[in-house]
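Here the structure is laid out as structure tokens; the discussion comes afterwards.
The values are calculated or read from the model by the stated rules, or taken from the named source; none is laboratory data. Note that this is a predicted model, so its numbers are computed, not measured. We place every Cβ from the backbone using ideal geometry, glycine too, and count neighbours over all the protein chains shown.
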Amino acid sequence: MYQMLPDYVTDLRDMNEAENILTDEQWTDYLNQLYHITFKPGAKDRDKEVVHASAAKKAEAFLKALKLWKEEWDILGPLGRV
């Protein structure tokens, strides 16, 4: 029997598992990154945007918080933040 590899970009459950390894300091950076990534001008509730962030946005914030993100890895593509 074999195990499936985690799919952090599309599966929120896999991202939840990844979040569990963050230290308190990394959590702070992760949340700051997630707020930045999910920012929508004029949004009434920024917390809601973060709570409902996609797995792809969480994966990007996670990698940025760990200083592993490379800009050429634009997971969301040119329209991902519209």
Would you mention how many residues in segment 51-71 are surrounded by 17 or more Cβ atoms within 10 Å (Cβ to Cβ), touching a residue at least 12 places away in the same chain (Cβ under 8 Å) and within 17 Å of Leu22 (Cα to Cα)? 9
Residue ID - modelled with the lowest pLDDT, chosen from residues in segment 23-50 that are surrounded by 12 or more Cβ atoms within 10 Å (Cβ to Cβ) and more than 24 Å from Glu72 (Cβ to Cβ): Arg46
Can you tell me which residue is farthest from the chain's Cα centre (by Cα) among those in segment 8-40 that are in a loop (DSSP other than H, G, I, E, B) and touching a residue at least 40 places away in the same chain (Cβ under 8 Å)? Leu22
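Can you pull out every residue in segment 55-74 that is outside any helix (DSSP H, G or I) and not acidic (Asp, Glu)?
Matches in segment 55-74: Leu66, Lys67, Leu68, Trp69, Lys70.
Residues are listed down the side, and each one gets a yes or a no for (1) in contact with a helix residue (DSSP H, G or I) (Cβ under 8 Å, 6 or more places away or on another chain); (2) among the hydroxyl-bearing types (Ser, Thr, Tyr):
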site: Tyr2; (1), (2): no, yes
site: Asn16; (1), (2): no, no
site: Leu31; (1), (2): yes, no
site: Thr38; (1), (2): yes, yes
site: Gly42; (1), (2): no, no
site: Lys48; (1), (2): no, no
site: Val51; (1), (2): no, no
site: Lys67; (1), (2): no, no
site: Glu72; (1), (2): no, no
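Within segment 2-11, take every residue that is of a type in the set (A, V, I, L, M) and loosely packed, with under 12 Cβ neighbours inside 10 Å and give me the one that is farthest from Leu68 (Cα to Cα). Don't jump to the end; show me each part of the working.
Our first condition is that a residue be of a type in the set (A, V, I, L, M); within segment 2-11, this holds for 4-5, 9.
Imposing the further condition that a residue be loosely packed, with under 12 Cβ neighbours inside 10 Å reduces the set to 4-5.
Values: Met4: 23, Leu5: 19 Å.
It comes out as Met4.
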